[in-house]
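Here the structure comes first, spelled out in structure tokens, and everything after it is commentary.
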Amino acid sequence: MNHVKTFFLMTLLTVLLIVLGGAIAGQQGLIMAFGFALVLNLISYWFSDSIAIKMTRSREVSRQQQPQLFDMVERLSQQAGLPTPRIYVTPSQQPNAFATGRNPRHAAVAVTEGIMRVLEPSELEGVIAHELAHIKNRDTLISTIATVMAGALAFLARMGQYRMIFGGMRGSRNSGGSAAILIQLLAIIFAPLAAMLIKMAISRSREYIADAGAARIAGDPSGLASALLKMEQYAQGRPMQINEAASHMFIVNPLSRQGMARMFSTHPPIQDRVRRLRQIEDGRR
């Protein structure tokens, strides 16, 4: 099923990129966006882990550097029936984590410096189990493709803005009048919005599934529930300095969201996630 979802996502974002490219820059933009989309799809598939790691400035660590973290990831990977992924540390004091890679054999788990300082061992186990559930469900490829395409759509919108500022309006009048200008403006506005809505649809559903998977892998949903509450509190007070296109990869939204922005968050509400985990815990008693 995840292979079907990946193919559907790649197709949807490719079509969206091509259509918006044509709307913003005409036939030239259509051709350029088509080539751009093909290259991005190939890069996203083969280098998804490297892209995510570089975007978050994470560094790989060895067992000698983080023996307790290595032992925990190795043990939970065995419980999940997965190969042990590569382990990275993200330079941020905010407690958070993410997983990446195109499949379980080419996967990586990254935790922030802050998470190892803030969380208790049982809470950290729940977080690691959540990321391993993403790997097991092959969510990580889908997540990175969405990240890359969202960045491409934002770039396309910015390119359209520059085009309209530096002579694009005049060209639009010559080729289609006011209607062409209106289409360009709508495309420029719609491109980042469409990317955000797609990321929301993907991220929200997969987080609930990964939470349930983490409860099975770790054997105790209470650790993850406690970790989520604690991490959200830290994230609201200390937003992470990170590219917004990569924010949906993390277990908790690393960016501060207030007011209307909270409605468009790529992450489901923490309280809803905790409530579901509590229900799983109650069902085991």
Open item on the list: Please count how many residues of segment 55-85 are closer than 19 Å to ILE142 by Cβ and either among the polar types (S, T, N, Q) or free of Cβ contacts under 8 Å to residues at least 40 places away in the same chain (or both).
Closed with: 1
Task: Within segment 221-285, helices (runs of 4 or more DSSP H) holding 2 or more residues that are within 21 Å of GLU125 (Cα to Cα), of a type in the set (Ser, Thr, Tyr) and modelled with pLDDT of 85 or more - done: 221-237
TODO: Consider only pairs whose beta carbons are under 6 Å apart and that are at least six residues apart or on different chains; among these, list those whose first residue lies in segment 93-111 and is of a type in the set (Phe, Trp, Tyr) and buried (at least 24 other Cβ atoms within 10 Å of the Cβ) and whose second residue is assigned to a strand (DSSP E or B) and at pLDDT below 95.
DONE: PHE98/PHE250
TODO: Show the residue pairs that are 6+ apart or on different chains and have beta-carbon atoms under 7 Å apart, the first residue being within segment 135-156 and surrounded by fewer than 23 Cβ atoms within 10 Å (Cβ to Cβ), the second being modelled with pLDDT of 75 or more and polar (S, T, N, Q).
DONE: ARG138/ASN103
Open item on the list: Can you say whether ILE217 is within 14 Å of ILE128 (Cβ to Cβ) and assigned to a helix (DSSP H, G or I), as far as the supplied structure shows?
Closed with: yes
Open item on the list: If I filter segment 136-159 for residues that are under 21 Å from ARG276 (Cα atoms) and at pLDDT 90 or above, do I get at least one hit?
Closed with: yes
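The values are calculated or read from the model by the stated rules, or taken from the named source; none is laboratory data. Being a predicted model, the structure only gives us computed values, none of them experimental. FYI the Cβ positions are ideal-geometry reconstructions off the backbone, even for glycines, and counts take in every protein chain you see.
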